[in-house]
Amino acid sequence: MSYYQLLFPIYQWAAKRMCLDCQPFIKKGSKILDLGCGSAIVAKNFQDFFQAEVIGVDIRDRRIFKIPFQIIDGFHLPFPEKYFDLVLISYVLHHSGDPIAILKEAKRVSKKIIIYEDLPEDILSKIYCQLHGLTFNKLFQENNNVSFRAAKEWEEIFQKIGLTIIFKKRINNFPIKKELYILGA
C-alpha cells in the first residue's frame, strides 16, 4: 500500500475543501494544469467538481488516479502561452529548487494561478514545515530543496514577477499556517 493510499481519506477531504475554496474563481469546464500533481487526488477532485479538463505534471509519476499526465523537469512547462485557464500549485512551491522559475512558467501558460502553501510563521508551523520537509524528502524526493517562506516573502516574489493578488485567504488548519492565493497572471 502506498503512502497516498494510506492517507487517502485525509487527502480526499482536503481536496474537497479546496474545491469549495476555489469555487468563486473557477468556471465549469475550465482547462486546468495541476503543477506538481503528486497522487492526482486534488486533480481528480477538481476535474469532477468543476467538470474541468485537467492535466497533471510532476517530476515523477506517483498518480493513484489516471488523469492526463506529463513528466516535467521541474523548471519548464511543455505548453504554449496562455494554454490553460488556470494553473493549480498545491503545496508544491516549497519543494521546488527554483520556485520563481516555476511561477514564471505558470504565468506564461495560464491566465490565473491558484496557490496553496504552508507557512512557517509561528513555532508550531515551523516545526511542522521542518518535519514535512524531512519526511517528504525521505519518502519521495531524496533531495534537500525544501524552502518554506512566510506569506510576506511569497507576496514580494509575486509582485517582483508581475503576479497580482486577486484574493488571499488564511486556511485555518491548527497548528499549521496555510495560505490560499488566487493570482492574476
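The values are calculated or read from the model by the stated rules, or taken from the named source; none is laboratory data. What you are looking at is a predicted structure, and each value in this text was computed from that prediction instead of being measured. For neighbour counting, all protein chains shown are included, and Cβ atoms are generated from backbone atoms with ideal geometry for every residue, glycine included. Keep in mind that these areas ignore ligands, DNA and RNA; they rest on the heavy atoms of the full protein, side chains included. Shrake-Rupley method; radii C 1.70, N 1.55, O 1.52, S 1.80 Å.
As an exercise: evaluate residue 104 against (1) on the phi > 0 side of the Ramachandran plot; (2) open to solvent by 50 Å² or more (accessible area, probe 1.4 Å) and give the number of the one condition it does not meet.
Every listed condition holds for residue 104 apart from (1).
Inspect segment 72-90 for any residue being open to solvent by 30 Å² or more (accessible area, probe 1.4 Å) and hydrophobic (A, V, I, L, M, F, W, C) and give the result as yes or no. Give the derivation first.
Keep residues of segment 72-90 that are open to solvent by 30 Å² or more (accessible area, probe 1.4 Å), which gives 73, 75-76, 78, 80-83, 85.
Going one step further and asking which of them are hydrophobic (A, V, I, L, M, F, W, C), we end up with 75.
Checking segment 72-90: at least one residue is open to solvent by 30 Å² or more (accessible area, probe 1.4 Å) and hydrophobic (A, V, I, L, M, F, W, C).
Pick from segment 63-100 the residues that are among the polar types (S, T, N, Q) and touching a strand residue (DSSP E or B) at 6+ places or on another chain (Cβ under 8 Å): which of them is farthest from residue 17 (Cα to Cα)?
Of the residues in segment 63-100, the ones among the polar types (S, T, N, Q) are 70, 90, 96.
Now restrict to residues that are touching a strand residue (DSSP E or B) at 6+ places or on another chain (Cβ under 8 Å): 70, 90.
Numbers: 70: 26, 90: 13 Å.
Among those that are among the polar types (S, T, N, Q) and touching a strand residue (DSSP E or B) at 6+ places or on another chain (Cβ under 8 Å), it is 70.
Name, by its number, the condition in (1) aromatic (Phe, Trp, Tyr); (2) over 19 Å from residue 102 (Cα atoms); (3) not in a helix (DSSP H, G or I) that does not hold for residue 75.
The single condition residue 75 does not satisfy is (2).
Can you tell me how many residues within segment 1-51 are assigned to a loop (DSSP other than H, G, I, E, B), under 21 Å from residue 102 (Cβ atoms) and of a type in the set (Gly, Ala, Ser)? I'd like the intermediate steps shown before the answer.
So in segment 1-51, the residues assigned to a loop (DSSP other than H, G, I, E, B) come out as 1-2, 7, 26-30, 36-40, 50-51.
Right, trim to under 21 Å from residue 102 (Cβ atoms) and you get 26, 30, 36-40.
Adding the requirement that they be of a type in the set (Gly, Ala, Ser) leaves 30, 36, 38-40.
Qualifying residue count for the region: 5.
Show the residue pairs that are 6+ apart or on different chains and have beta-carbon atoms under 6 Å apart, the first residue being within segment 20-46 and small (Gly, Ala, Ser), the second being surrounded by fewer than 21 Cβ atoms within 10 Å (Cβ to Cβ) and assigned to a helix (DSSP H, G or I).
Qualifying pairs under 6 Å: 39/4.
Considering each of 124, 93 in turn, give the residue that is open to solvent by less than 50 Å² (accessible area, probe 1.4 Å) and modelled with pLDDT of 75 or more.
Details: 124 fails: open to solvent by less than 50 Å² (accessible area, probe 1.4 Å).
Just one listed residue meets the conditions, 93.
For segment 159-172, name all the residues that are free of Cβ contacts under 8 Å to residues at least 60 places away in the same chain and within 21 Å of residue 24 (Cα to Cα).
164, 165, 168, 170, 172, listed by residue number.
Mind checking which residues of segment 37-57 are under 13 Å from the mean Cα position of the chain (by Cα) and open to solvent by less than 20 Å² (accessible area, probe 1.4 Å)?
37, 38, 39, 40, 41, 43, 46, 56, 57
For residues that are under 17 Å from residue 113 (Cα atoms) and in a loop (DSSP other than H, G, I, E, B), scanning just segment 148-178, find the one that is most open to solvent (accessible area, probe 1.4 Å).
Out of the qualifying residues, it is 162.
Residues to consider are 68, 9; find the one that is at pLDDT 95 or above and either surrounded by fewer than 20 Cβ atoms within 10 Å (Cβ to Cβ) or of a type in the set (Gly, Ala, Ser) (or both). Quick ask: steps written out before the conclusion?
Values: 9 fails: at pLDDT 95 or above.
Being at pLDDT 95 or above and either surrounded by fewer than 20 Cβ atoms within 10 Å (Cβ to Cβ) or of a type in the set (Gly, Ala, Ser) (or both) holds for just one of 68, 9, which is 68.
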